[in-house]
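The values are calculated or read from the model by the stated rules, or taken from the named source; none is laboratory data. None of these values were measured; they are calculated from a predicted model. Note: ideal-geometry Cβ built from the backbone for every residue, glycine included; neighbour counts use all protein chains shown.
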């Protein structure tokens, strides 16, 4: 929600998405967009909103997930960072506690062990748990292979 970009990946309009769903109390079906990929639909971020977090409450997420879950095999939330610099992000903790599975995506550069520990603490404080971590932009050190000729 902070810097929405998923709509660009699928060449879809950002407007009329998640923010509109929550702020206008729309049925979720009204904002689902087809991606052109079989069995893959998305709800884009929607119209940008400065005060979006004021509209979002835990009960919205829980109710929304309960309504959508029977219609889909898998629901993926692509969210703003857990440790957003200004802490003005969507309430990630409510999503982690609703999710069946939670992946923390991080970059090798700029993410410290302390950042990861802080993210873990925030998530666990909200009754969520991290099921896995994906490390993006990983560049392993090149070590000579003693078995290679």
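Can you report the number of residues in the range 102-126 which are part of a loop (DSSP other than H, G, I, E, B) and within 20 Å of residue 76 (Cβ to Cβ)?
The first filter runs over the range 102-126 and keeps only residues part of a loop (DSSP other than H, G, I, E, B), leaving 102, 108-112, 126.
So of that shortlist, the ones also within 20 Å of residue 76 (Cβ to Cβ) come out as 102, 126.
Residues in the range 102-126 being part of a loop (DSSP other than H, G, I, E, B) and within 20 Å of residue 76 (Cβ to Cβ): 2 in total.
Quickly run through the range 11-20 and pick out the residues that are surrounded by 15 or more Cβ atoms within 10 Å (Cβ to Cβ) and either under 16 Å from residue 79 (Cα atoms) or in contact with a strand residue (DSSP E or B) (Cβ under 9 Å, 6 or more places away or on another chain) (or both). Before the answer, list the steps.
Restricting attention to the range 11-20, the residues satisfying the condition of being surrounded by 15 or more Cβ atoms within 10 Å (Cβ to Cβ) are 12, 14, 16-20.
Scanning the range 11-20 gives 12, 14, 16, 17, 18, 19.
Just the residues that are in a helix (DSSP H, G or I), surrounded by fewer than 14 Cβ atoms within 10 Å (Cβ to Cβ) and modelled with pLDDT of 85 or more, please, taken from the range 51-76.
Residues satisfying the conditions are 66, 67, 69, 70, 71.
Taking the range 99-142 on its own, how many of its residues are touching a residue at least 24 places away in the same chain (Cβ under 8 Å) and out of contact with any strand residue (DSSP E or B) (no Cβ under 7 Å at 6 or more places or on another chain)? Let's see the steps before the verdict.
Here is the first cut: in the range 99-142, the residues touching a residue at least 24 places away in the same chain (Cβ under 8 Å) are 99, 101-109, 115, 118-119, 122-123, 125-139.
Checking the rest, the ones that are also out of contact with any strand residue (DSSP E or B) (no Cβ under 7 Å at 6 or more places or on another chain) come to 99, 101-102, 109, 115, 118, 122-123, 125-129, 138-139.
Qualifying residue count for the region: 15.
For the range 85-101, state whether one or more residues are within 13 Å of the chain's Cα centre (by Cα), at pLDDT 80 or above, closer than 30 Å to residue 20 by Cα and not in a helix (DSSP H, G or I).
Yes: the range 85-101 contains one or more residues that are within 13 Å of the chain's Cα centre (by Cα), at pLDDT 80 or above, closer than 30 Å to residue 20 by Cα and not in a helix (DSSP H, G or I).
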